[in-house]
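Written out below as structure tokens is the structure these notes cover.
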Amino acid sequence: MTNNNDHAAEGGARSKWRRILNRLVARKPLEVILSEGRKTQMNRVLSRLDLIAVGIGAIIGTGIFVLTGVAAAENAGPAVIVSFIIAGVISALSAFSYAELASMVPISGSAYTYTYATMGELMSWIIGWDLILEYLVGSATVAVGWSAYIVSFFHDAFNVKFSATTTQAPVIWDSKELAFKVNHGSYINIPAMFVSLMVTAFLLMGIKQASWINKVIVCIKILVVLLFIFGACKFVDPDNYHPFVPPREGNSYGVIGIFKGAQRVFFAYIGFDAVSTAAQEAKDPQKDLPWGICASLGICTVLYIGVAAVMVGIISYSELKGIASPLTYALQFHDNTKWLRILIEIGAICGLTSVILIGMMAQPRILYTMARDGMFPKIFGRLHRRFKTPFIPTLIAGLVCAVLSGVLPVDILADMTSVGTLLAFILVNIGVIIMRFTHPDAERGFKVPGGPFLIPIPGAVIALVILVLSDGPTLYRLLIWLAIGVVVYAFYGYRHSRVGNPERWSEDDVAYFGDGGVIFDGDNDGHEHKGQGMENVGKSDPSALLTVGNNQHHNDSNAGANVAASARE
């Protein structure tokens, strides 16, 4: 009798762990995701040109106006040009994968939603948590760069000098000793906090207004970048290109320095993925999202290489160490450049503003999508009645961004953003491969050229290599953030997700948030089960329940459980 009880207990334990494992790998069916996207309450107002402008607005910013000098001085020297090319290639490979998945799954969740459809709940949570870090810290990085250029602008245009006490972070990061140090005489970066809160206010008022502001700013900063390239090229001194690849010094320069420079300037390319977060506000997402992603990246790559080549040609790379506004700083050593410096500063200020705008537009929409899946409290998934924007996530993101930008230096923020984005790129490339096999006949507005392996595999491998080459402390910070995320998932997401806990969702919740008729397989086969007749559920009865099987065999419906509720909005 005791043996029978022991065997029963052992079998029960195995069944419990099997059920938990199946939960962790449970995927959200593509049909359910698309059904939710079609029923969005957001305003579909963004055209193809708007989406391209969103991409350019997010890409051209701190990476080119600030981090170019940091990467040249501390990592690659004049070979920072090669670093930009490497980072551009990595981004292009991943951009193709983003474009395919965005055309298949035009939902605001970006890589989070793609991962949920391909790799299951736990991995989707991890990448969603990672994206929260990427966009929050990324916006804070740009806000710090904005502060540096606003200080420089007032000095050049009006001879007004702001005190470092209120315009710089209280700590700095020593990249050689890999340690924080006190920035004596500095207490808080007020301009960075100001722009974070200002952009938050714009975003709360609606996506269309933010889109118009972004398009105007994009035109200004493209013009300014071209002015720098063609206005400063006459000051290029060929001697500044020698040695093109400085001899290695520890973790700096040499070949390793070029790749570390690529990891750092990779931040400059972050932004095209933000296009996918506007999917539910695009007029024709399946066709226009790939255009927005690929066109914006292509335009910015050409401009970046031109700026990097001119910058290291007009000043020795060693002079750029610790400079947060390298373009205008380099021009100071040449005569009759005051007005060019002022124009560049205006363009940089405008450009950085648009990057903050897009970054802080994207992050709340990730949080919004995760909340609608039950991964965060439901209040984060509700829209403002008048403006149709995710009000609570936007407000919280703005406040957190303001705090981070006020107390942390630009380089530490940029490195954290870069490693977070590289992780997202790895999973998106893998997601394309999986979706080609699990959903071969799904409608795709764009397909990665060369089949499922030629581009996605190199894209994932190269992103992984650059990620591994990051400084140890940067990787540790990422791992700590992800570990915190796993704990949050265990105590909240696992217990409240709609995929695994439909009983926690009332009919009113389902009616507001849309279809969620999916449940994990609690037994052996590991298959997820999707709602039958999703489009017809609730048409005649808004409170209709969607019955979903929970058995080992798809055809054995009698062993299933009616566990997932879904109602048509």
Inset, instruction - For T167, enumerate residues with amide H under 5 Å from its amide H, sequence gap 5+ or separate chain, H modeled in the peptide plane. - result: Y187, I188, I190
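How big is D for region 346-496, in µm² s⁻¹ as a whole number, if Stokes-Einstein is applied with the Kirkwood radius of its Cα pairs at 25 °C and 0.890 mPa s?
Numbers: Rh = 18.3 Å.
Here the translational diffusion coefficient equals 134 µm²/s.
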Legend entry - Calculated FRET value between R18 and F491, using beta carbons and R₀ = 25 Å, to 0.05: 0.70
Legend entry - 3J(HN,Hα) from dihedral phi, region 346-358, Karplus parametrisation 6.51/-1.76/1.60, rounded to Hz, x for glycine, proline: 4, x, 5, 4, 5, x, 5, 4, 5, 5, 4, 4, 6
Inset, instruction - Read phi for every residue in region 397-403 and hand back ³J(HN,Hα) as whole Hz from Karplus 6.51 cos²θ - 1.76 cosθ + 1.60, θ = phi - 60°, with x for Gly and Pro. - result: 4, x, 5, 5, 4, 4, 5
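Greater than 27 Å separation of Cα atoms is the criterion. Which listed pairs, K260/K287; K221/K378; K28/K378; K28/K447, meet it? Mind showing how you got there, number by number?
Values: K260/K287 36 Å; K221/K378 38 Å; K28/K378 18 Å; K28/K447 22 Å.
Listed pairs above 27 Å: K260/K287; K221/K378.
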Legend entry - Spacing of the two label points (7 Å from each Cα toward its C-beta) at R248 and N183, in nm: 3.2
Legend entry - region 205-302 - Rg (one decimal) and Dmax (whole number), Cα, Å: 18.7, 52
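Rounded to a whole number of µm²/s, how large is the Stokes-Einstein D of region 40-186 at 4 °C and 1.567 mPa s, given Rh as the Kirkwood radius over C-alpha pairs?
69
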Inset, instruction - Taking H placed 1.01 Å from N in the peptide plane, check which residues at least 5 places from D284 or on another chain put their amide H under 5 Å from its amide H. - result: none
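Run the numbers on region 317-459 and let me know its relative contact order in percent, using alpha-carbon pairs under 8 Å that are six or more apart.
Working: 72 pairs, mean separation 16.8, N = 143.
Reported relative contact order: 12 percent.
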Inset, instruction - With a point put 7 Å past each Cα toward its Cβ, work out how far K321 is from C219 in nm, to one decimal. - result: 4.3
Legend entry - Neighbour-limited loop hits for trypsin sites (Lys or Arg not before Pro), region 351-400 (at most 13 other Cβ within 10 Å; DSSP other than H, G, I, E, B): R385, R386
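Taken together, the values in this text are just the output of simple stated rules run on the coordinates, not laboratory data. As the structure is a computational prediction, the values presented were derived from the model and not from experiment. Cβ sites come from the backbone with ideal geometry, for glycine too, and all protein chains shown count toward neighbours.
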